[in-house]
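As structure tokens, the structure follows; a few thoughts come after it.
The values are calculated or read from the model by the stated rules, or taken from the named source; none is laboratory data. All values derive from a computational prediction rather than experimental measurement. Counting neighbours? That spans all protein chains shown, and the Cβs are built from the backbone with ideal geometry, glycine included.
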Amino acid sequence: MREMTYSEAMAIGIQEALAEDESVVLIGAGFGGLRGDPAVWGPLRERFGDRITSPPIAELGYCGIAVGAALTGLRPIVAIGTGAFSFEAFPQIANEAPQAYYGTRGQVTCPVVFHMRAGIRGAGALQHSIAPQAMYWNTPGLEICVPGSPADVRGLIKAAVRSNNPTIFIDHERLHPLVGEVDESTGGDIPLGVADVKREGSDVTIVATSIMVPRALEAAETLAGQGIDAEVVDPRTLVPLDTEAILRSVARTGRVVVADETQKSCGVASEIAATIAEEGFESLRAPIKRVAIPNVPIPYHQAEEDYITPTARHIVEAAEAVCR
Amino acid sequence: MATAGTVVHNLKSALHRMMLIRRVEEQVIDLATSFDDLIRGHYHVYIGQEATGVGACMALGPDDYMFTTHRNHGHVIARGGEPGPVIAEIIGRTTGYNKGRGGTFHVIAKHLGVLQTSAIVGGGVPMAAGAAFSARMRGTDQVSLVFFGDGVLEEGAFHEALNMSSLWNLPLIMMCENNSVPQEGRRQGEYPTSSFAATQLADVASAMNVEAHVVDGSDVRQVGELLAGLVGRAREGEGPFFIESRINRWPGNRGQFPQLIGGPHRMAWTWNPGTADTRLQDWLADSDPVSLLCRSLVEEGAMTRKEIEEVDAAARQEAEEAREFALSSPMPSPESAMDYIFAEGETR
């Protein structure tokens with residue numbers, strides 16, 4: 001076990017994916033983001049430079065190239081950069097890649113990973129703060145990974161690359177400095193579609209994804225001080241979604257807060273809450289609460305940005321309300 | 001090295017493919033107009049463009065990739081596709097190449113290197129560039145050929161893919177079938193389409209340092225010879241290439257709901273265009289790729305009218321059998337709509 005940042009764990013996972021299969025290629029150089037740590041990303045570029053291609057500023061074009069490459073024997077990981085940039089490539093991501101397998105009744109696969117850094121990063125303002133996972137969740141045929149810890153990002157990036165389906169892989173900008181334990185003595189493999197109980201508890205279930213996982217753990221500590229024992233369930237992947245694990249937890253606690261940093265309307269929390277209401281209604285002892293971004297674009301000024309960002313405090317308040 | 005004999009043989013097989021495309025498309029139009037519910041919605045046929053598809057596909061090797069569009073039936077047959085599974089796909093039967101999943105918009109034929117057929121204008125070019133990129137990364141000498149209409153140049157996706165294929169010298173052949181030539185180009189001088197600002201389509205590719213050619217899309221020999229050279233050069237790393245194939249649109253095209261003016265093509269019209277409906281006469285005399293090839297083969301003494309009519313009779317019979325095969329094939333079960341959303345496991 002070693003403590004490392006989320007960013008370093010992702011770089012290790014990508015290196016492991018490149019090492020285990022020579023058909024894996026990287027398109028785009030910006031995995032580390034604007035402040036990518038050279039100590040973390042330098043060795044990867046040095047060792048696998050011949051499999052890294054830096055494209056022009058042409059998201060639609062290079063995502064299409066990645067789709068075509070995936071149809072013909074490669075396993076590309078595409079670094080799109082900020083999540084909103086993926087909108088420039090929406091026709092290829094949403095209207096070509098997910099149709100390949102379905103459209104041929106299983107004859108053709110499209111194993112591409114669309115990687116993006118998303119979410120309210122601080123001063124990203126109107127166009128660089130968008131988390132698009134809910135939009136992609138409305139596109140059948142795409143898998144979606146939203147890892148919320150260093151060990152999870154390392155394991156899931158490899159699972160995404162190995163999967164024969166197109167995969168949306170979303171890192172939250174603010175997760176990159178997060179430190180956690182990673183076991184390098186094993187491959188740290190994590191299957192897609194298996195949730196992780198990040199903290200056990202008996203009074204309330206907090207279903208949290210991506211950046212809301214550390215915020216939920218922080219909230220659970222605060223709640224413990226008030227005598228509320230919270231369980232934190234991290235689905236880790238939205239598609240496939242581990243509905244069973246969520247319902248199992250809800251069956252024990254009877255109370256649910258779903259926390260996610262996308263907009264509240266038709267957001268990630270909405271879909272999870274609806275699934276719990278539909279399939280686990282008998283377990284519920286209080287109405288489900290959603291903690292999400294209100295239905296507004298993302299403002300620039302810190303005071304305004306803070307006002308609309310879902311935090312540990314919002315989770316605590318929601319948990320108190322459902323436990324009242 | 002090709003000899004005169006192989007050229008004639010190639011032209012005979014080209015003629016057969018072109019006639020097969022024509023006769024299959026006639027069956028498609030007949031199925032669409034005779035039945036209310038077989039081809040649900042609009043569709044696009046390849047009549048009048050056969051020389052471009054067949055001439056280009058003659059130059060491809062068995063391992064090369066081909067990308068097409070909503071107007072895909074002819075391309076897939078030109079590449080060697082069987083008429084039965086093509087028509088079955090178009091009318092949604094389980095014997096179609098995709099077991100009826102895609103219909104007329106999305107005929108895909110994996111065994112022919114046709115892996116995804118996008119019906120979105122501009123969808124195919126980036127993916128075709130990706131197949132070329134993949135061939136290069138994997139160290140093969142495969143070439144990727146993409147057909148598209150002139151409207152694709154209006155889409156940003158084309159320009160992004162053109163730029164990257166040029167920067168990276170990809171083995172990509174961009175075959176633009178400009179079938180707007182008669183509507184706008186000939187009437188208004190050099191202006192090639194009604195909604196594109198460049199005077200010459202090829203200038204756009206040239207500006208990005210992509211070697212560009214203009215070819216008469218009604219002449220299968222011109223297309224075949226040009227493509228044979230370019231495919232070979234693309235294999236040697238000299239790509240990409242852009243070709244504008246100028247096509248005089250078939251008068252029955254009529255946008256998205258084609259019509260057989262005067263019924264299915266008659267060989268008598270080929271030999272004597274003046275016997276056809278007046279709306280077809282000029283096209284048959286100047287632009288119909290099938291009629292032009294037939295008459296030139298006779299003039300050169302390479303084939304007799306009778307031999308050519310036998311080729312046509314065979315193509316007609318194949319198309320009729322394909323229609324019967326498709327009509328007698330089973331339909332997918334309603335619940336099969338839930339199949340094949342995701343590939344299982346982590347198979348590699």
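Annotations
Let's see how each residue does on (1) touching a residue at least 60 places away in the same chain (Cβ under 8 Å); (2) within 15 Å of A:Ile14 (Cα to Cα); (3) not polar (S, T, N, Q):
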{"position": "A:Val40", "(1), (2), (3)": "no, yes, yes"}
{"position": "A:Arg51", "(1), (2), (3)": "no, yes, yes"}
{"position": "A:Ala58", "(1), (2), (3)": "no, no, yes"}
{"position": "A:Ile77", "(1), (2), (3)": "yes, yes, yes"}
{"position": "A:Gly83", "(1), (2), (3)": "yes, no, yes"}
{"position": "A:Phe90", "(1), (2), (3)": "no, no, yes"}
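- Look at the stretch A:221-241: where a residue is closer than 16 Å to A:Ile276 by Cα and a partner is assigned to a loop (DSSP other than H, G, I, E, B) and polar (S, T, N, Q), sitting 6+ places away or on another chain with Cβ atoms under 8 Å, you get A:Glu231/A:Ser202; A:Asp234/A:Ser149; A:Asp234/A:Thr209; A:Pro235/A:Thr209; A:Leu238/A:Thr209.
- Selection within the stretch B:144-180: residues that are within 17 Å of the chain's Cα centre (by Cα), not in a strand (DSSP E or B) and not charged (D, E, K, R). The member of this set that is nearest to the other protein chains (Cβ to nearest Cβ) is B:Val152.
- Every condition in (1) of a type outside the set (A, V, I, L, M); (2) under 21 Å from A:Ser149 (Cβ atoms); (3) within 17 Å of the chain's Cα centre (by Cα) holds for A:Gly267 except the one numbered (2).
- Among the candidates A:Ser249, A:Ser265, residue that is at pLDDT 95 or above and surrounded by fewer than 18 Cβ atoms within 10 Å (Cβ to Cβ): A:Ser265
- Looking only at the stretch A:197-215, and only at residues there that are surrounded by 24 or more Cβ atoms within 10 Å (Cβ to Cβ) and of a type outside the set (Ser, Thr, Tyr), the one that is nearest to the chain's Cα centre (by Cα): A:Ile211
- Test: residue in the stretch A:102-109 that is among the polar types (S, T, N, Q), at pLDDT below 95 and assigned by TED's automatic domain parsing to the domain that holds A:Pro166: no
- Scoring B:Gly48 on the criteria (1) modelled with pLDDT of 95 or more; (2) on the phi < 0 side of the Ramachandran plot leaves a single failure, condition (2).
- Spans of helices (runs of 4 or more DSSP H) in the stretch B:53-141 with at least 2 residues crowded, with 24+ Cβ neighbours inside 10 Å and more than 14 Å from chain A (Cβ to nearest Cβ): B:73-78, B:83-90
- Counting only helices (runs of 4 or more DSSP H) that sit wholly inside the stretch A:205-324, those with at least 2 residues that are touching a helix residue (DSSP H, G or I) at 6+ places or on another chain (Cβ under 8 Å), under 27 Å from A:Gly124 (Cα atoms) and not basic (Lys, Arg) are A:212-225, A:268-279, A:312-323.
- Verdict on A:Glu3 being among the charged types (D, E, K, R), more than 8 Å from chain B (Cβ to nearest Cβ), without any contact (Cβ under 8 Å) to a residue 40 or more places away in the chain and surrounded by fewer than 17 Cβ atoms within 10 Å (Cβ to Cβ): no
- So A:Val296, is it surrounded by 18 or more Cβ atoms within 10 Å (Cβ to Cβ) and either under 23 Å from the mean Cα position of the chain (by Cα) or at pLDDT below 95 (or both): no
- You will find that of B:Val45, B:Val76, B:Val54, the residue that is closer than 20 Å to B:Phe257 by Cβ and aliphatic (A, V, I, L, M) is B:Val45 and no other.
- Among (1) in a loop (DSSP other than H, G, I, E, B); (2) within 30 Å of A:Glu96 (Cα to Cα), the one test that A:Ser185 misses: (2)
- Restricting attention to the stretch B:218-250, the residues that are of a type in the set (D, E, K, R) and touching a Phe, Trp or Tyr at 6+ places or on another chain (Cβ under 8 Å) add up to 1.
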